[in-house]
Structures are given as structure tokens and as C-alpha cells.
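Structure first, then comments.
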Amino acid sequence: MNPLDQLINTFERFPGVGGRQAKRFAFHVLRLQVEEADKLANLIANARTTVVECTSCHRYFSKRQVEELCSVCTAPNRNRDRLLVVENDSDVQAIERAGVYDGLYFVLGGTVPLLSAPENSKLRSGALKATVASRLHEGLTEVILGFSVNPDGENTARFVVSFLTDSVESGLTISYLGRGLSTGSELEYADSETIKNALQNRA
Ligand SMILES: [Zn+2]
């Protein structure tokens with residue numbers, strides 16, 4: 001495969017990008033000045049080595065030295081009795097932007113589509129189960145499920161609840177952010193006021 005086809009092929013594998021769009025991206029790259037193209041290549045290489053996944057909440061953050069935890073997980077003023085489970089990093093960004101939540105997060109890494117088996121998904125379900133079990137001894141009282149208000153989001157919530165039953169028996173409360181959001185809402189695109197209402201009205 002020639003470099004142009006390889007480039008198109010690479011963009012085609014990006015989430016939400018179709019064949020036509022992949023071609024437009026590839027030709028855009030070809031039209032860049034050499035310095036701009038170098039900058040882009042360096043940026044990608046640099047991000048891959050300096051942006052790492054937090055070992056606790058699993059969101060990506062820029063590390064300064066060798067730390068393994070992000071700034072939210074290490075902040076002393078965060079409320080450690082709440083854990084908000086979201087689909088993706090962009091949900092954390094939207095909630096942090098709203099500035100209305102002071103607990104900790106867990107990024108599950110996606111959803112369980114309604115018609116697929118949970119075991120086929122690449123979600124961090126094992127890690128979530130382990131995190132909840134260990135945090136219960138550190139004062140965790142509530143897990144808030146912050147998934148999209150659509151069939152996939154609801155299916156994911158059912159799946160998460162199914163493997164947290166032991167923790168619920170140990171006194172953990174599970175609440176749903178979605179009950180404060182309108183149908184079809186995705187946290188990622190919600191404005192601050194909507195997120196604030198969703199948090200206040202969670203049930
Ligand atoms: Zn973290």
C-alpha cells in the first residue's frame with residue numbers, strides 16, 4: 001500500500017470517520033506545509049509518551065514527572081465517598097468544566113450496546129469492581145452511574161449494577177445521573193446547568 005492509501009486507511013479507523021472524510025483528512029495532511037506536518041507528527045509522538053492513563057480513574061492526563069495518578073485523584077479536597085462512573089474521558093471534562101461535582105471518577109471506557117454480550121466489550125468492568133470493593137473500606141458510600149440516556153446507556157447501567165450486587169449488600173448506594181437528564185442526552189454535550197441539575201436530581 002502506498003503512503004497515501006496508508007494515511008487514508010489510518011484515518012478510516014478513527015472513531016466516527018467514514019471513507020470520504022478519511023480521504024479529506026489525508027489530502028489535508030498532504031497540503032500542510034512541511035513544518036506543519038512535522039509539528040503534527042511530533043505532537044502525536046509526544047502525546048503518546050507524556051499523556052498517560054491514570055491508574056485510579058483511568059482518564060488520560062499529562063504527567064509532569066513519573067506520577068501515576070491524575071490531579072483529580074490526588075486532590076486532597078475531593079470527596080472520597082462518591083464515585084461517578086462515566087463512559088469516556090470527555091464526560092469527565094464536561095463535568096469538571098461545570099464545576100459542580102467534588103467526588104472522584106471512574107472512566108469505564110464505553111458502553112455495552114443493547115444487542116451485544118457484555119463479555120465482548122472492552123470495558124474496564126473488572127477494574128471497576130476491584131476499585132469499588134477496595135474503596136468501600138475507605139469510606140465510599142455512593143456510586144453514581146453517569147451514562148447516556150439511551151438504550152445502550154441503560155443497558156450499561158444494568159450490566160454495572162449486576163456486578164456490584166455484593167457491594168450493594170455491604171451498604172453501597174447506586175444512583176443514576178440519567179434520571180436528572182432528558183432522554184437522548186449525552187453528558188459530553190450537556191451544558192453546565194444541565195449537569196448541575198442532573199447531579200442534584202440524581203436518584
Ligand atoms: Zn485519576
Asp152 neighbourhood, Cβ < 15 Å, K/R = +1, D/E = -1, net charge -3
Taking the Cα centre of the chain as origin, work out the dipole magnitude from +1 charges on Lys and Arg Cβ and -1 charges on Asp and Glu Cβ, in debye rounded to 20. 240
Quick check on the chain: take the gyration tensor over C-alpha atoms, sort the square-rooted eigenvalues as a ≥ b ≥ c, and tell me if it's rounded (a/c under 1.5), prolate or oblate. prolate
Once Lys and Arg are counted +1 and Asp and Glu -1 for all other residues with Cβ under 15 Å from that of Gln6, the total becomes 0
Any residue on another chain or 5+ positions along whose placed amide H is under 5 Å from the amide H of Thr173 is listed here as Glu142, Val143
By average C-beta atoms within 10 angstrom, highest first, the peptides 145-153, 45-53, 75-83, 190-198: 145-153, 190-198, 75-83, 45-53
Can you give the accessible area per residue of the chain, in Å², using a 1.4 Å probe? 60
For the Thr10, Lys122 Cβ pair and Förster radius 25 Å, calculated FRET efficiency rounded to 0.05 is 0.80
With point charges of +1 on the Cβ of Lys and Arg and -1 on the Cβ of Asp and Glu, referenced to the Cα centre of the chain, which listed residue (Cys70, Thr10, His28) lies farthest in the positive direction of the dipole? His28
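The values are calculated or read from the model by the stated rules, or taken from the named source; none is laboratory data. Just so it is clear, the model here is predicted, and its values are computed rather than measured. Heads up, the Cβs are rebuilt from the backbone with ideal geometry, glycines too, and the neighbour counts pull from every protein chain shown. When the accessible area is computed, the model is the full protein with side chains, heavy atoms only, and any ligands, DNA or RNA have been set aside. Shrake-Rupley method; radii C 1.70, N 1.55, O 1.52, S 1.80 Å.
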